[in-house]
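Asker: Attaching a single structure in structure tokens format; questions to follow.
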Amino acid sequence: MSGESVHASRDIPGTCDSPVPALPSSHGDVPAHPTDRDRRCPFDPPPELTALREKTPLSRLRYPDGHIGWLVTGHEPARKVLADPRFSARSELKRVPVLRPGTDPFYGSPALPGWLVDMDAPDHTRLRRRLMSWFTARRTRALTPRIGRIVDDRLDEMAALGGQADLVEHFALPVPSLVICELLGVPYTERADFQRNSATLFKLDVTAEQAATAMAELNAFLTELALHRGRSPGDDLLSALAADGELSTAEIAGAGALLLSAGHETTAGSLGLGTFALMSHPDQLARLTAAPSLAANAVEELLRYLTIFHFGLPRTPLEDLTLLGHTLRAGESVTVSLSAANRDPAHFEDPDRLDITRSAAGHLAFGHGAHQCIGQHLARTEMRIAFPALFARFPGLKLAVPSSEVPLGEDMGFYGVHALPVRW
Ligand code: HEM
């Protein structure tokens, strides 16, 4: 299905009650993963995914290259799989991703140095330990005043544009980009190249060659920077890693590339899509603006409700094991759908309703277990500051186009909006 037809058929936000269609079936009884291009509503996972979860929290799944593996859609089994060290995250064990039509240059071969999402213990633990101290809740809280100033500066810049702007270009993308640049020690002036390369990496329909080129460019940039910070250190993460001498330059560059790309794309997606969701649910927005102290709760609920990591997390059993009465064989592909798990009625009451006052505790938007998002506290802090500040500065913020014309990031590994034209 093309993006165009999705835009044309998508319902007005807040009224996305499409009937659940019959389960998709590519061959025989084994369905393919319902993709984001099957969404009926910009904020809800495809109804086919919900239907799969309602049928069983663990189903067979046909991957784009035709091989058959497993899809976990229930909240409880999703947590179990992600917490179980018998499920590997190593890239050389992964086959084709669930949504990419072609091959993936990063699957089927060893992890790139520093690329910790694709590693298992003990390498993963060694590397993660070196990075964790920079992303603790305490350290992130200390960044609050600086993030507040970055947010205010961007809002000033937006206000100076008159009465209309693209919120992604002027707010949702620059805020996390500036924050992660400062933390890592990456010059923000270099953003055009790293933002383009990161976007290519996370795009679903690029060729393997395009993705590999983007990765090589990003890596070369970070390698040069890591060497430079080794010679002339600053007060930043890359300098600290270079001075500490525990990681190789290749590992520092790889971890830097991962942090830089994950650190801005994801939060930008959450800020852009989150603003769209709030504006489309005026009752929820009114609650937030009336009580900005709800921001922390609202952020958790938006993370749950929107689950921008929409393609799921890939894992591979290292041995035969049993889950929900099924035998999963060593080497089989398993995908954990965070979108489906975060809408599981067995864990969240009335899960398809956005309610910024509910407890969204236990949501899996940041994953779970050994690979749970390193940047979660940073992302939370940025969002908790950004949403109330945005709506306080522009109390009459509105979409400047019909909601059906907002370009959705359904072609991206992280869901979001490519642009959000707003006026005030
Ligand atoms: C709303 C924003 C974000 C969301 C929804 C998100 C989501 C996730 C998820 C689901 C994972 C788990 C991947 C897996 O298990 O395979 C993850 C891992 C990761 N995230 Fe985030 N993330 C966000 C923001 C950030 C930020 C701001 C940074 C950087 C500072 C970051 C850096 C990372 C890194 C380095 C990992 C890999 C951790 C590991 O493998 O041990 N993320 N993220």
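Asker: Which of the residues belonging to the range 205-219 are charged (D, E, K, R) and at pLDDT below 90?
Answerer: Of everything in the range 205-219, those that are charged (D, E, K, R) and at pLDDT below 90 turn out to be ASP205, GLU209.
Asker: Here's a follow-up. Among the residues of the range 212-223, is there at least one that is within 26 Å of ALA379 (Cα to Cα), among the charged types (D, E, K, R) and open to solvent by 10 Å² or more (accessible area, probe 1.4 Å)?
Answerer: Checked against the condition, which is being within 26 Å of ALA379 (Cα to Cα), among the charged types (D, E, K, R) and open to solvent by 10 Å² or more (accessible area, probe 1.4 Å), the range 212-223 yields at least one hit.
Asker: If you don't mind, there's one more thing I want to ask. Specify which of the listed residues (ALA250, ALA286) is more than 23 Å from the chain's Cα centre (by Cα), of a type in the set (Gly, Ala, Ser), within 30 Å of CYS181 (Cβ to Cβ) and not in a loop (DSSP other than H, G, I, E, B).
Answerer: Working: ALA286 fails: within 30 Å of CYS181 (Cβ to Cβ).
When all the criteria are applied, what remains is ALA250.
Asker: Keeping to the range 121-136, report how many residues are of a type outside the set (S, T, N, Q), open to solvent by 30 Å² or more (accessible area, probe 1.4 Å) and more than 7 Å from the ligand (Cβ to nearest atom).
Answerer: Of the range 121-136, the ones of a type outside the set (S, T, N, Q) are 121-124, 126-132, 134-135.
Okay, now just the ones that are also open to solvent by 30 Å² or more (accessible area, probe 1.4 Å), so 121-123, 126, 128-130, 132, 134.
Keeping just the survivors that are more than 7 Å from the ligand (Cβ to nearest atom) gives 121-123, 126, 129-130, 132, 134.
Here the count works out to 8.
Asker: Okay, next question. Looking at the range 370-397 only, could you name the residues that are within 12 Å of the ligand (Cβ to nearest atom) and open to solvent by 30 Å² or more (accessible area, probe 1.4 Å)?
Answerer: ALA370, HIS371, GLN372, CYS373, HIS377, ARG380, ARG384
Asker: A further question on this structure: Is it the case that ALA208 is open to solvent by less than 50 Å² (accessible area, probe 1.4 Å) and away from the ligand (no atom under 16 Å from the Cβ)?
Answerer: Values: open to solvent by less than 50 Å² (accessible area, probe 1.4 Å): yes; away from the ligand (no atom under 16 Å from the Cβ): yes.
Spelling it out, ALA208 is indeed open to solvent by less than 50 Å² (accessible area, probe 1.4 Å) and away from the ligand (no atom under 16 Å from the Cβ).
Asker: Another question about this same structure. Tell me, please, whether a residue that is among the aromatic types (Phe, Trp, Tyr), within 11 Å of the ligand (Cβ to nearest atom) and at pLDDT 95 or above can be found in the range 346-359.
Answerer: Within the range 346-359, the subset among the aromatic types (Phe, Trp, Tyr) is 348.
Okay, now just the ones that are also within 11 Å of the ligand (Cβ to nearest atom), so none.
The answer is no, given that none of the residues of the range 346-359 is among the aromatic types (Phe, Trp, Tyr), within 11 Å of the ligand (Cβ to nearest atom) and at pLDDT 95 or above.
Asker: Evaluate the range 115-126: report whether one residue or more is in a helix (DSSP H, G or I), in contact with a Leu (Cβ under 8 Å, 6 or more places away or on another chain), farther than 25 Å from HIS310 by Cβ and of a type in the set (A, V, I, L, M, F, W, C).
Answerer: No: the range 115-126 contains no residue that is in a helix (DSSP H, G or I), in contact with a Leu (Cβ under 8 Å, 6 or more places away or on another chain), farther than 25 Å from HIS310 by Cβ and of a type in the set (A, V, I, L, M, F, W, C).
Asker: Applying the selection to the range 325-337, what residues are touching a helix residue (DSSP H, G or I) at 6+ places or on another chain (Cβ under 7 Å) and among the hydrophobic types (A, V, I, L, M, F, W, C)?
Answerer: VAL334, VAL336
Asker: Further, regarding this structure: Out of the strands (runs of 3 or more DSSP E) lying entirely within the range 291-360, which hold 2 or more residues that are within 21 Å of HIS371 (Cβ to Cβ) and open to solvent by less than 10 Å² (accessible area, probe 1.4 Å)? Working first, answer last.
Answerer: Numbers: elements: 313-317, 321-323, 326-328, 334-336.
In the range 291-360, 313-317, 334-336 are the strands (runs of 3 or more DSSP E) which contain 2 or more residues that are within 21 Å of HIS371 (Cβ to Cβ) and open to solvent by less than 10 Å² (accessible area, probe 1.4 Å).
Asker: Please state which of the following conditions ARG90 fails to meet, knowing it meets all the rest: (1) closer than 30 Å to ALA32 by Cα; (2) open to solvent by less than 70 Å² (accessible area, probe 1.4 Å).
Answerer: Unmet for ARG90, out of (1) closer than 30 Å to ALA32 by Cα; (2) open to solvent by less than 70 Å² (accessible area, probe 1.4 Å): (2).
Asker: Would you check which residues across the range 253-268 are within 11 Å of the chain's Cα centre (by Cα) and within 7 Å of the ligand (Cβ to nearest atom) and list them?
Answerer: Across the range 253-268, the qualifying residues are ALA262, GLY263, THR266, THR267.
Asker: Follow-up question, since we're still on this one. Looking at LEU408 and the list (1) away from the ligand (no atom under 16 Å from the Cβ); (2) at pLDDT below 95; (3) in contact with a Lys or Arg (Cβ under 7 Å, 6 or more places away or on another chain), which single condition is not satisfied?
Answerer: (3)
Asker: Test of understanding: among LEU278, LEU273, LEU260, which residue is crowded, with 22+ Cβ neighbours inside 10 Å, more than 28 Å from LYS80 (Cα to Cα) and at pLDDT below 95?
Answerer: Numbers: LEU278 fails: at pLDDT below 95; LEU273 fails: at pLDDT below 95.
Only one candidate qualifies: LEU260.
Asker: Shifting gears a bit: Looking at GLU157, is it of a type in the set (Asp, Glu) and farther than 26 Å from PHE276 by Cα? Lay out the reasoning, then the answer.
Answerer: On the way: of a type in the set (Asp, Glu): yes; farther than 26 Å from PHE276 by Cα: no.
The answer is no for GLU157.
Asker: Of the residues LEU227, LEU222, which single one is assigned to a helix (DSSP H, G or I), within 19 Å of LEU127 (Cα to Cα), in contact with a Gly (Cβ under 8 Å, 6 or more places away or on another chain) and of a type in the set (A, V, I, L, M)?
Answerer: Values: LEU227 fails: in contact with a Gly (Cβ under 8 Å, 6 or more places away or on another chain).
The conditions single out LEU222.
Asker: Is it true that PHE366 is touching a Cys at 6+ places or on another chain (Cβ under 6 Å), touching a residue at least 60 places away in the same chain (Cβ under 8 Å) and within 16 Å of the ligand (Cβ to nearest atom)? Explain how you work it out, then say what you get.
Answerer: Values: touching a Cys at 6+ places or on another chain (Cβ under 6 Å): yes; touching a residue at least 60 places away in the same chain (Cβ under 8 Å): yes; within 16 Å of the ligand (Cβ to nearest atom): yes.
Here the answer is yes, as PHE366 does meet what is asked.
Asker: Could you tell me whether any residue of the range 68-83 is modelled with pLDDT of 90 or more and more than 17 Å from LEU328 (Cβ to Cβ)? Spell out the reasoning first.
Answerer: Start the filter on the range 68-83 by keeping residues that are modelled with pLDDT of 90 or more, which leaves 68-83.
Adding the requirement that they be more than 17 Å from LEU328 (Cβ to Cβ) leaves 75.
Yes, because at least one residue in the range 68-83 is modelled with pLDDT of 90 or more and more than 17 Å from LEU328 (Cβ to Cβ).
The values are calculated or read from the model by the stated rules, or taken from the named source; none is laboratory data. Keep in mind that this is a model prediction, so the values were computed, not measured. Here the Cβ is made from the backbone with ideal geometry for all residues, glycine too, and neighbour counts use every protein chain on show. To get the accessible areas, we keep the full protein, side chains included, count just its heavy atoms, and leave off ligands, DNA and RNA. Shrake-Rupley method; radii C 1.70, N 1.55, O 1.52, S 1.80 Å.
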